[in-house]
Amino acid sequence: MDYTKLRKWSVPITTSKRVVALVSIVLLAGCGSIYTADAAQEKSKAVNTLVVHADKGKETINRNIYGHFSEHLGRCIYGGFWVGEDSPIPNTRGIRNDVVEALRKIKIPVLRWPGGCFADEYHWKDGIGPRKKRPTMVNTHWGQVTENNHFGTHEFLDLCEQLGCEPYICGNVGSGTVQEMQHWVEYITFDGKSPMANLRRKNGRAEPWKVKYWGVGNENWGCGGRMRPEYYADLYRRFATYVRDLSGNQLFRIACGPRRDDYHWTEVLMRETQHMRKGRMAGLAPHYYCGSGKVKRPATQIDEEDWFAQLQRALFIDELVTKHSAIMDKYDPKKTVAMIVDEWGAWHAVEPGTNPRFLYQQNTLRDALVAGLTLNVFNNHCDRVKMANIAQTVNVLQAMILTKDEKMIVTPTYHVFEMYKVHHDATLLPVELQCEDYRFAEKKIPALNVSASRDKAGRIHISLCNLDPGKSSVVTCELMSVKAKKVSGRVLTAKAMNAHNTFDNPQVIHPVAFNDFKLKGDVLTTTLPAKSVVVLEIE
Ligand code: AHR
């Protein structure tokens with residue numbers, strides 16, 4: 001084989017024994033073309049190789065990598081999660097049943113709230129007590145709409161209980177005080193007698209909640225106060241000191257991380273918090289949106305140039321995680337500080353005719369590829385990345401769910417999260433991938449993207465993204481120390497690059513059984529469509 005033209009992605013491994021199973025994966029030229037594997041192999045000389053070190057895994061893929069984010073923005077909370085108890089839309093204590101049911105299916109592990117930029121102007125005491133008496137405020141970031149505070153602390157924690165997920169609360173540093181955040185922690189978690197705990201009881205909740213994850217501000221380099229890292233680092237140290245571990249509730253304190261490639265921010269935060277590591281800075285939270293390019297278009301109005309550019313920007317997350325991790329390693333070689341990518345995703349122009357500040361966008365097969373490759377990157381960096389929260393859960397940016405009054409649909413991105421849930425808390429298996437480039441005009445990116453894991457029952461799952469919308473290629477894969485007895489799979493793809501679900505046609509794109517493979521001895525030959533996300537299960 002001539003690999004000189006192939007791009008190599010690998011996770012370093014030291015191994016000697018090799019080759020138990022050989023898997024050939026053939027990528028098809030176009031969606032809908034059905035070749036036999038042999039025919040495809042004959043037709044294409046291009047070869048991709050994948051080695052899955054099934055004998056090597058040691059890191060666990062934290063299920064919180066599959067986390068979510070919800071903000072008081074547009075229709076994420078109001079109309080998305082919350083309809084109120086008197087709504088004709090079926091609800092439990094005001095929270096939509098259909099949305100809860102859909103998110104339980106993907107085993108949502110953690111939900112971040114109340115922002116986002118909103119967090120740094122949110123005053124939590126406005127959102128407790130009898131709803132009719134709660135004061136209103138102006139949501140200055142997101143359309144200057146009136147926020148009635150009907151969805152507050154009790155409602156959010158009720159939502160998390162209904163979802164069966166961990167809450168992650170982001171405190172207000174930009175326009176709040178240390179005391180305000182300290183009181184919030186006391187209100188929620190203290191089981192003794194205190195002004196805040198007594199207030200909680202008065203508002204109908206006798207027992208404290210357990211809330212582990214607390215963010216100290218959001219994007220404090222931007223909407224959270226336009227701070228310099230040196231200034232924020234000092235503020236962080238102060239806030240993190242006064243928010244207390246109460247009644248056995250140990251806080252996981254998360255500092256605002258850098259924007260994109262602001263490596264200076266990471267350097268300063270890691271340096272200035274070194275002395276207070278133990279329990280005082282458990283996580284650092286970078287943000288990265290892969291945008292929609294210079295010509296911002298609505299999600300569905302794309303051509304191949306947009307497709308290519310979007311995926312190229314999405315792949316940049318690998319470089320970001322690698323470089324920020326390297327800085328963190330310098331100060332924290334034992335990796336005690338988690339990288340918490342608590343906002344990520346595709347940010348397109350809003351759907352025509354909708355409020356530009358509500359960030360309502362459709363979600364296509366392209367977004368599914370963005371999700372698939374990004375989750376693969378996080379899986380492969382799970383030694384450092386312990387949580388990630390896609391923005392945002394319902395009706396905002398790269399959403400799982402879209403609602404329109406009583407109607408609800410799930411998006412291609414939702415389906416990727418559903419397919420990838422096999423990786424939750426599984427052992428990461430190091431992979432080596434050599435693959436062809438997907439070329440567009442003068443540019444190129446690797447055509448394939450992969451991660452693999454072994455679950456507690458011993459099953460191996462390989463999630464593969466074929467980013468190329470129309471080119472065939474061949475992959476041969478070695479699975480170390482594993483003899484495949486049974487293989488099954490699921491695929492998410494469609495004929496059109498912009499395939500998406502609508503309220504009138506909610507099943508345009510969804511995963512289906514994938515069985516275009518042959519297992520012969522130790523050789524699995526399989527055919528994958530172009531522009532697809534595939535998850536293989538090997539027993
Ligand atoms: O998710 C939308 C916004 O993007 C968030 O409020 C902010 O943190 C980020 O800039």
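Within the range 110-119, can you find the residues that are open to solvent by 10 Å² or more (accessible area, probe 1.4 Å) and either touching a helix residue (DSSP H, G or I) at 6+ places or on another chain (Cβ under 6 Å) or more than 16 Å from V341 (Cα to Cα) (or both)?
none
Of all the residues that make up the range 318-366, how many are within 16 Å of the ligand (Cβ to nearest atom) and small (G, A, S)?
The number of residues fulfilling the criteria is 3.
Just need a number here: residues in the range 139-157 that are within 16 Å of the ligand (Cβ to nearest atom), within 25 Å of the chain's Cα centre (by Cα) and of a type outside the set (A, V, I, L, M, F, W, C).
So the answer is 1.
Could you check the range 393-417 and list, in sequence order, the residues that are among the hydroxyl-bearing types (S, T, Y) and within 15 Å of the ligand (Cβ to nearest atom)?
Residues satisfying the conditions are T393, T413.
Any chance you could count how many residues in the range 383-392 are over 18 Å from P298 (Cα atoms) and within 12 Å of the ligand (Cβ to nearest atom)?
Here the count works out to 2.
Search the range 199-216 for residues being in contact (Cβ under 8 Å) with a residue 40 or more places away in the chain and part of a loop (DSSP other than H, G, I, E, B), and hand back the single one that is farthest from H154 (Cα to Cα).
Ranking the candidates gives K212 first.
Anything in the range 111-133 that is more than 16 Å from the ligand (Cβ to nearest atom) and part of a helix (DSSP H, G or I)? List them, or say none.
The answer is W124, K125, D126, G127, R131, K132, K133.
Conditions tested, residue by residue: (1) touching an Asp or Glu at 6+ places or on another chain (Cβ under 6 Å); (2) open to solvent by less than 40 Å² (accessible area, probe 1.4 Å); (3) farther than 19 Å from Y168 by Cβ; (4) β-branched (V, I, T).
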site	(1), (2), (3), (4)
L235	no, yes, yes, no
Y242	no, no, yes, no
Q250	no, no, no, no
W265	no, yes, yes, no
M276	no, yes, yes, no
L284	no, yes, no, no
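Condition first: within 20 Å of V321 (Cα to Cα) and either open to solvent by less than 10 Å² (accessible area, probe 1.4 Å) or more than 20 Å from the chain's Cα centre (by Cα) (or both). Now tell me which residues in the range 421-439 satisfy that.
H423, L429, P430, V431, E432, L433, listed by residue number.
Name the residue, out of I108, I65, that is part of a loop (DSSP other than H, G, I, E, B), away from the ligand (no atom under 16 Å from the Cβ) and within 19 Å of the chain's Cα centre (by Cα).
Answer to the selection: I108.
Quick check: is even one residue across the range 147-167 in a helix (DSSP H, G or I), open to solvent by 50 Å² or more (accessible area, probe 1.4 Å) and farther than 23 Å from N220 by Cα?
The answer is yes; a qualifying residue exists.
Could you tell me whether any residue of the range 182-195 is more than 16 Å from the ligand (Cβ to nearest atom), open to solvent by 40 Å² or more (accessible area, probe 1.4 Å) and hydrophobic (A, V, I, L, M, F, W, C)?
Checked against the condition, which is being more than 16 Å from the ligand (Cβ to nearest atom), open to solvent by 40 Å² or more (accessible area, probe 1.4 Å) and hydrophobic (A, V, I, L, M, F, W, C), the range 182-195 yields at least one hit.
Of all helices (runs of 4 or more DSSP H) completely enclosed by the range 229-281, which ones contain at least 1 residues that are hydroxyl-bearing (S, T, Y) and on the phi < 0 side of the Ramachandran plot?
Fully inside the range 229-281 and qualifying: 229-242, 263-272.
Table: residues versus (1) in contact with a Ser or Thr (Cβ under 7 Å, 6 or more places away or on another chain); (2) closer than 22 Å to E537 by Cβ; (3) not hydroxyl-bearing (S, T, Y).
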| residue | (1), (2), (3) |
| --- | --- |
| G372 | yes, yes, yes |
| K386 | no, no, yes |
| T413 | no, yes, no |
| D425 | yes, yes, yes |
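Does A371 satisfy the condition of being within 16 Å of the ligand (Cβ to nearest atom) and either at pLDDT 95 or above or among the β-branched types (V, I, T) (or both)?
Yes: the conditions hold for A371.
May I ask you to say which residue of R228, R200 is basic (K, R), modelled with pLDDT of 95 or more, away from the ligand (no atom under 16 Å from the Cβ) and open to solvent by 60 Å² or more (accessible area, probe 1.4 Å)?
Selected residue: R228, the only one of R228, R200 that is basic (K, R), modelled with pLDDT of 95 or more, away from the ligand (no atom under 16 Å from the Cβ) and open to solvent by 60 Å² or more (accessible area, probe 1.4 Å).
Would a scan of the range 278-285 turn up a residue that is touching a helix residue (DSSP H, G or I) at 6+ places or on another chain (Cβ under 7 Å), away from the ligand (no atom under 16 Å from the Cβ) and within 30 Å of H183 (Cα to Cα)?
Yes: one or more hits.
Among the numbered criteria (1) closer than 30 Å to H275 by Cα; (2) open to solvent by 10 Å² or more (accessible area, probe 1.4 Å); (3) in a helix (DSSP H, G or I), which one does L315 miss?
(1)
The values are calculated or read from the model by the stated rules, or taken from the named source; none is laboratory data. Small disclaimer: the values here were computed from a predicted structure and weren't measured. Note that we place each Cβ from the backbone using ideal geometry, even for glycine, and neighbour counts take in every protein chain shown. What goes into the accessible areas is simple: the full protein's heavy atoms, side chains included, and nothing from ligands, DNA or RNA. Shrake-Rupley method; radii C 1.70, N 1.55, O 1.52, S 1.80 Å.
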